[in-house]
1. According to the square roots a ≥ b ≥ c of the eigenvalues of the Cα gyration tensor, what is the shape class of region 87-143, taking rounded for a/c under 1.5, prolate for a/b larger than b/c otherwise, and oblate for the remainder?
2. Can you tell me the length gained on complete extension of the stretch Glu118 to His8, counting 0.36 nm per residue apart and subtracting the Cα distance?
3. Starting at the first residue of region 55-67, write each ³J(HN,Hα) from the Karplus equation 6.51 cos²θ - 1.76 cosθ + 1.60 with θ = phi - 60°, in whole Hz, x for Gly and Pro.
4. Which cross-chain or sequence-distant (5 or more) residues have an amide H under 5 Å from the amide H of Ala57, H modelled 1.01 Å from N in plane?
5. What is the Cα radius of gyration of the chain over 2.2 N^0.38 Å, N being its residue count?
6. May I ask you to list the trypsin sites (Lys or Arg not before Pro) in region 78-136 that are in a DSSP loop and have at most 14 other Cβ atoms within 10 Å of their Cβ?
7. List, in order, the whole-Hz ³J(HN,Hα) value for each residue of region 110-126 obtained from phi through the Karplus relation with A = 6.51, B = -1.76, C = 1.60 and θ = phi - 60°; use x for Gly and Pro.
8. I need the GluC sites (Glu not before Pro) found in region 12-120, filtered to DSSP loop residues with at most 16 other beta carbons within 10 Å of theirs.
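Nothing in this text is a laboratory measurement; each read-out follows from the coordinates by a stated rule. No experiment lies behind these values; they were computed from the predicted model shown. Virtual Cβ from ideal backbone geometry, glycine too; neighbours counted across all protein chains shown.
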Amino acid sequence: MGSVFLPHLHTGWHVDQAIVTEKERLVVIRFGTDNNKECMLMDEILYSIAEKVKNFAAIYLCDIKEVPDFNEMYELYDPMTVMFFYQNKHMMCDFGTGNNNKMNFVIDDKQEMIDILETIFRGARKNKGLVVSPYDYSDRRID
């Protein structure tokens, strides 16, 4: 149900505009398809925290079948991927999975996701391009 309420980016231009125009907040984009189980689970978490993080994070959804423009550039080959941007810069986070460019696993705890977004936002404000996640996911899937 979260995918119904969160804003969708329907074209490559909309994705670019979301990333480029947001000057103060972290831009969080879930790439995937709305009918994928992992996406549905992540969308629920993102929707449930959207109001709590609205002062420092803007959350969007992008269907990789509707908007394939970034699939190759961002290596969007997983069913569900979450990426982070701040002031038109891609933010990386070390989750312990070996892939610092994106989150390609579901976080099922609201507070955990809020903590991750806060950590990335704080690092971004300090001009760090890579931050370390407050949680270790080294036991998760590695690509």
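1. Numbers: a/c = 2.07, a/b = 1.37, b/c = 1.51.
Oblate shape, in that a/c is at least 1.5 and b/c is the bigger or equal ratio.
2. Details: separation 110, 0.36 × 110 = 39.60 nm, distance 2.24 nm.
Between Glu118 and His8, full extension yields an extra 37.4 nm.
3. The phi angles translate into 6, 10, 8, 10, 10, 10, 10, 9, 7, 6, 7, 6, 10 Hz.
4. Leu26
5. Output field value: 0.94.
6. Working: sites: Lys89, Lys102, Lys110, Arg122, Arg125, Lys126, Lys128; in loops: Lys102, Lys126, Lys128.
Within region 78-136, the qualifying trypsin sites (Lys or Arg not before Pro) (loop, at most 14 other Cβ atoms within 10 Å) are Lys126, Lys128.
7. 3J(HN,Hα) across region 110-126, in whole Hz: 4, 5, 4, 5, 4, 4, 5, 4, 4, 4, 5, 4, 4, x, 4, 5, 9.
8. Numbers: sites: Glu22, Glu24, Glu38, Glu44, Glu51, Glu66, Glu72, Glu75, Glu112, Glu118; in loops: Glu22, Glu24, Glu66, Glu72, Glu75.
The qualifying sites are Glu24, Glu66, Glu72, Glu75.
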